[in-house]
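Here is the structure we will look at.
The values are calculated or read from the model by the stated rules, or taken from the named source; none is laboratory data. Bear in mind that the values here come from a model prediction, so they are computed numbers and not experimental data. With ideal geometry, Cβ positions are generated from the backbone for all residues, glycine too; neighbour counts draw on all protein chains shown. Areas reflect the complete protein model, heavy atoms only, side chains present, ligands, DNA and RNA absent. Shrake-Rupley method; radii C 1.70, N 1.55, O 1.52, S 1.80 Å.
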Amino acid sequence: MKKGEKTSVLFICLGNICRSPAAEGIMQHLVDKANANDRIEIDSAGIGAWHVGERPDRRMRSHGAAHGYNFNSVARQIRQDDLQRFDYIIVMDEENFYDVSRMAKTESERNKVRMMTDFCTNHPGHKAVPDPYYGGDKGFELVIELLEDACEGLMKHIIQTCH
């Protein structure tokens, strides 16, 4: 990607109903706030196809709404062409990293795959964004807190690197 071109970001989690749609919604909020929709494109997808066509988990939508976010994307599964199409493929945990990296056919595609927590500035002890699906309210709140931190760091990185 050349400086000044539109930057595309794909967030990945296991099923695309909790973490990655939350990251998409938080990042879209930041992009809207920066009036950067003409420069940054956001999407999300899941490793598996279990929830394709579904909206995000109701608990994640509820926690997001309490923070002023709208998590309203529709789940889809990552496709091979996503690795060519997107500039950044941001995964939530090591398992996602392994699964997406295995899909990459070139070194260039592999280099696009990054951990979400690589962009955190206020949560250095977290190496992954944990899946809140089987947990309680605290898990969903932690995910939003980590994603807010990481999305702010990613937004700064994109602006400094690409625009």
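What the table below lists for this structure:
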{"quantity": "Which of 134, 88, 98 is most accessible, then next, and so on - probe 1.4 Å", "calculated": "134, 98, 88"}
{"quantity": "Fully extended contour minus Cα-Cα distance, from residue 122 to residue 35, at 0.36 nm per residue", "calculated": "28.9 nm"}
{"quantity": "Accessible solvent surface per residue of the chain, calculated while the other protein chains remain in place, 1.4 angstrom probe, Å²", "calculated": "49"}
{"quantity": "Accessible carbon and sulfur surface of the chain relative to its total accessible area, %, 1.4 Å", "calculated": "48"}
{"quantity": "Where N is the number of residues in the chain, Cα Rg divided by 2.2 N^0.38 Å", "calculated": "0.95"}
{"quantity": "Selection of trypsin sites (Lys or Arg not before Pro), the stretch 66-163, meeting DSSP coil and at most 13 other Cβ within 10 Å", "calculated": "79, 105, 127"}
{"quantity": "Net charge contributed by nearby residues that have their C-beta within less than 15 Å of residue 133 (K/R +1, D/E -1)", "calculated": "-1"}
{"quantity": "Where only C-alpha atoms are counted, convex hull volume of the stretch 75-163 per residue in Å³", "calculated": "115"}
{"quantity": "Nonlocal amide H pairs with residue 42, under 5 Å, H built at 1.01 Å", "calculated": "9"}
